[in-house]
1. Distance in nm between label sites at residue 349 and residue 93, each 7 Å beyond Cα in the beta-carbon direction?
2. For residue 186 and residue 133, FRET efficiency with R0 = 41 Å and r from the beta-carbon atoms, rounded to 0.05?
3. Express in nm, to one decimal, how much length is gained between residue 53 and residue 162 on full extension, taking 0.36 nm for each residue of separation and deducting their alpha carbon distance.
4. Which pairs in the list 289/313; 28/364; 51/134; 94/289; 134/196; 13/134 are over 30 Å apart, alpha-carbon to alpha-carbon?
5. For residue 107, what accessible surface area do you get with a 1.4 Å probe? Give it in Å², rounded to 10.
6. Could you give the accessible area per residue of region 186-308, probe 1.4 Å, as a whole number in Å²?
7. Computed on alpha carbon atoms, what radius of gyration and Dmax characterise region 34-131, expressed in Å?
8. Carbon and sulfur: what percent of region 168-312's accessible surface (1.4 Å probe)?
Amino acid sequence: METVAFEHENRFKTIIESLPTGIVMVNKAGFIVLCNAEMEKMFGYNSGELKGSAIERLVPIGSRQNHPKHREGFMQNPAKRQMGAGRDLSGLCKDGKEIPVEIGLNHIVIDNTSYAIASIVDITERKIIETRLKHAYDELQQKNQEMEQFVYTVSHDLKSPLVTSSSFIEFIKEDIKSGNMDDVADSIDRLEKAHKRMQELINDLLQLSRAGRMELNLSDVSMNDILNEILENFSNRFSDRKIDVQVPVELPKVIGDRRRLYQVMENLITNALKYGTDNPHPQIQILTKDAPTEMLVGVKDNGLGIAPAYHRKIFGLFQRLDNSKEGTGVGLAIVQRIMQLHGGRAWVESRENEGATFWLAFPKFFTERGVFDAAKS
């Protein structure tokens, strides 16, 4: 094991130990010759446990293969630099957890021997704040868009049933005067449909409004439990239409509001039933995928699909691609809003005649630490 020997070694170590950031010193071969207590604490190691280890021990597996090349490049052309400028860096803790880090590199020569010395800062809290700020900005932008869409809806979608109702009321008056009771019955039926449409629009507007003001009741949530409950409730509809439903063995567990996440999954599966099963052999697949910073859950169908030009539009207020189907077009707007409140996102991947996959993404560090204060404020 290599040691760093020089005249003021004890003073040097005292300075290193007093720093509030993690400090690690690595030789040309890539082995740790010195690190301070803050560094060991940050990555979950005991005192002295890292000394003599390869620095790659702290590098996430996905980046480990290329790290020796970067390390050797620095030693060949040493210069003070900030690692990972413009991209996110992570460190691998002893327990396997990855943490976002910021790394500053410098070169030092002791007794004619070159070393790389790095200062490392855990920026998890900063990332959380950045995510909250982005969440607040995105929510503000969405509320502005929804306000514009709301004005349009009030002036157009809500006005349309009123115009229809007014017309048929006049028809009913005329038919009563003329004694044409068959037409009166038909007009009343149309009037009831117009009023029902008006009620649906108002109810969905209220539901979306509540989604924007909701406080999340956070707990550990099993997405498998939610899915199994929904599939049981929909079992008759699946069997009646001979829909093949495929479910993975294990879906991720998250921290969230179970009732709201149930609403999200129910909306996506209802959406697949409405628009994604126009196929001789209809199929709905539940997907899961592990991404570097997110856990993904998807609902895939083999229906007619959605042209890319409409991928963003369908998450807007009262946006429907097929007016012959039931519903008002608020479901996906609610899905997006609830996912944003959970610090996540929702989107669709689809092409015409190739089915559609609706994805939900849950940020990993939110689900690990349960940081949802922004959603409550």
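The values are calculated or read from the model by the stated rules, or taken from the named source; none is laboratory data. Here the structure is a predicted model, which is why all the values come from computation and not from measurement. Glycine also receives a Cβ, built like all others from the backbone with ideal geometry; neighbour counts cover every protein chain displayed. Just so you know, the surface numbers come from the protein's heavy atoms only, side chains and all, with ligands and any DNA or RNA stripped out. Shrake-Rupley method; radii C 1.70, N 1.55, O 1.52, S 1.80 Å.
1. Result for the modelled spin labels: 3.0 nm.
2. So the FRET efficiency works out to roughly 0.10.
3. The residue 53-residue 162 span can extend by a further 31.7 nm.
4. From 289/313; 28/364; 51/134; 94/289; 134/196; 13/134, over 30 Å: 28/364; 51/134; 134/196; 13/134.
5. 60
6. 54
7. Cα radius of gyration and Dmax of region 34-131 are 13.8, 46 Å respectively.
8. Roughly 49 percent, rounded to a whole number.
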